[in-house]
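A.B. asks: Dropping the structure in here first, questions after.
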Amino acid sequence: MATDVAPAQRALGVHRVLEPPGVLPQAARRLDPDPAIGPDEVRLAVQRLNLDAASFRQLRESCGGNGAAVRAAVLGIVAARGKMQNPVTGSGGMLIGTVDAVGPESPLGLRVGQRVATLVSLTLTPLALTDGLAGWDGRTEQVPAEGTAILFARSIAAVLPDDLPDPVSLAVLDVCGAPAATARVVRRTAARSVAVLGAAGKSGCLSLAAARAAGATDLTGLVRDEPEAAALTAAGLADRVVVADATDPLAVAAAVGAPAEVTVVCVDAPGAEHGAVLATAAGGTVVFFSMATSFPAAALGAEGMAADVTMLIGNGYTPGHAALALDLYRSTPGVRALIDPRVAA
């Protein structure tokens, strides 16, 4: 790794970029996952990865559902890139592990032996796997793993709570940016009506709960089929539950009906952009949290529809996002009813 890098650049992880030069770690094709740490870095002993939903879906579909092929694909990506970044979706996920070493200049406040979840993407986290993912069958988003990961001075990590199982914490923290940003948008706009596309998933159900807590009074949850509709209805998180293919814009508009002031997209498949715009009232806001979102499709589609909507890219970081998501899980039975079966599966 580069040693002649200014401290401000080191904090961003530039010294770990192998190619191409001049980019930040997320945009790099290859990172240096050397477990030897610099003075401001932290090394984690990896215990479990959580692949983001869009990436795992793409890998599963491209491998025809063959778990061994999915495992081989993940191992190949990490070996080639020094990080987990799906070359098709561009997304990664996050991980949990134990703090193994802390550089004397690290500002993260972590201590050796603490068990943490990274709140930064695997797409910018130097990662080396040492177990061949032998404990994973390639059929779940959560991946038992052994290896090392590196955190930079400007990385973010949360100490795992003692009161929740690790798989639950990992599932919730993986999407904790969605409910925090949803709550922020609802409060800032004083929105009363919110529609969530992909409402029965992890980020979707947490976003519904966050919108309610932030003051929204008319919540619509859109799901893809009747089993999901039944589960979301039983969870009691939405005032209306509707079924439609999120990639069919006319079907989405018809299902949602009266456009919402805020629409939150949590669908793990591409093609939900236009339906989200049609489901949003003039002057309203669309928040895209899916890693399958296409910016050109969203921007040009809205322009072509003469839609006066504000479109936000869901930033995975909002101050306090981890605590908010965990508290919503603890305090909202409907959220637990939807997330727990996914974790168990």
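Throughout, read-outs are computed from the coordinates displayed, never taken from laboratory work. Everything numeric in this text was worked out from a predicted model, so none of it was measured. In this analysis, Cβ positions are derived from the backbone assuming ideal geometry, glycine residues included, and neighbour counts consider all displayed protein chains.
A.B. asks: What do the square roots of 5 times the Cα gyration tensor eigenvalues come to for segment 274-327, in whole Å, largest first, as semi-axes of the equivalent ellipsoid?
C.D. replies: One finds semi-axes of 26, 12, 8 Å for segment 274-327.
A.B. asks: What residue among Ser155, Ser290, Ser331 has the largest mean-square fluctuation in a Gaussian network model of the chain, using Cα springs under 10 Å?
C.D. replies: Comparing Ser155, Ser290, Ser331 in a Gaussian network model of the chain, the most mobile one is Ser331.
A.B. asks: Let me ask something additional. At R0 = 41 Å, how high is the FRET efficiency between Asn315 and Arg111 if r is their beta carbon distance? Nearest 0.05 is fine.
C.D. replies: In this case the efficiency is close to 0.90.
A.B. asks: Quick check: the angle from helix 177-189's long axis to the longest principal axis of the chain, C-alpha only, nearest 10 degrees?
C.D. replies: 50 degrees
A.B. asks: What do you get for the angle between helix 53-62 and the principal long axis of the chain? Use alpha-carbon atoms, 0 to 90 degrees, nearest ten.
C.D. replies: 80 degrees
A.B. asks: Over the Cα atoms of the chain, what radius of gyration and what Dmax do you get, in Å?
C.D. replies: 20.0, 58
A.B. asks: Continuing with this model, one more query. Work from the charge dipole of the chain (Cβ charges, +1 for Lys and Arg, -1 for Asp and Glu, about the Cα centre) and give the residue of Val88, Val112, Leu44 farthest towards its positive end.
C.D. replies: Val112
A.B. asks: While we're looking at this one, here's another question. Based on the Kirkwood radius over alpha-carbon pairs, what value in µm²/s does the Stokes-Einstein equation return for the translational diffusion coefficient of segment 222-345 at 37 °C and 0.692 mPa s?
C.D. replies: 211 µm²/s
A.B. asks: Relative to the longest principal axis of the chain, what angle (0 to 90°, nearest 10) does the C-alpha long axis of helix 226-235 take?
C.D. replies: Approximately 90 degrees, to the nearest 10.
A.B. asks: Also: Per residue and in cubic angstrom, what volume does the convex hull of the Cα atoms of segment 7-160 have?
C.D. replies: 91 Å³
A.B. asks: Along the charge dipole of segment 249-340, which of Val267, Gly334, Ala253 sits closest to the positive end, that is, farthest toward it, with unit charges on the beta carbon of Lys, Arg, Asp and Glu (+1, +1, -1, -1)?
C.D. replies: Gly334
A.B. asks: For segment 10-64 and segment 153-192, what is the separation of their C-alpha centers, rounded to whole Å?
C.D. replies: Taking the Cα centre of segment 153-192 as reference, the centre of segment 10-64 is 21 Å away.
A.B. asks: A further question follows. Whose amide H sits under 5 Å from the amide H of Thr263, counting only residues 5 or more places off or on another chain, with H placed in the peptide plane?
C.D. replies: When sequence neighbours closer than 5 places are left aside, the close amide H contacts are Ala195, Thr285, Val286, Val287.
A.B. asks: As an exercise, take the mean of 1/r over every pair of distinct alpha carbons in segment 170-282, invert it, and state the Kirkwood radius in angstroms.
C.D. replies: Its Kirkwood hydrodynamic radius stands at 13.4 Å.
A.B. asks: Which percent, nearest 5, of DSSP beta bridges in segment 7-160 are antiparallel?
C.D. replies: Counting only bridges with both partners in segment 7-160, antiparallel ones make up about 100 percent.
A.B. asks: Expressed as a rounded percentage, what relative contact order does the chain have, with Cα pairs under 8 Å and six or more residues apart?
C.D. replies: Contact order relative to length: 15 percent.
A.B. asks: Additional query: Which far-off residues, 5 or more places away or on another chain, put their amide H under 5 Å from the one on Thr280, with H placed in the peptide plane?
C.D. replies: Here Ala260 satisfy the definition.
A.B. asks: Using helices alone, I'd like the mean residue ellipticity at 222 nm for the chain: each DSSP H run of four-plus residues gives -39500 (n - 2.57), total over residue count, nearest 500.
C.D. replies: The helix-only estimate for the chain comes to -10500 deg cm²/dmol at 222 nm.
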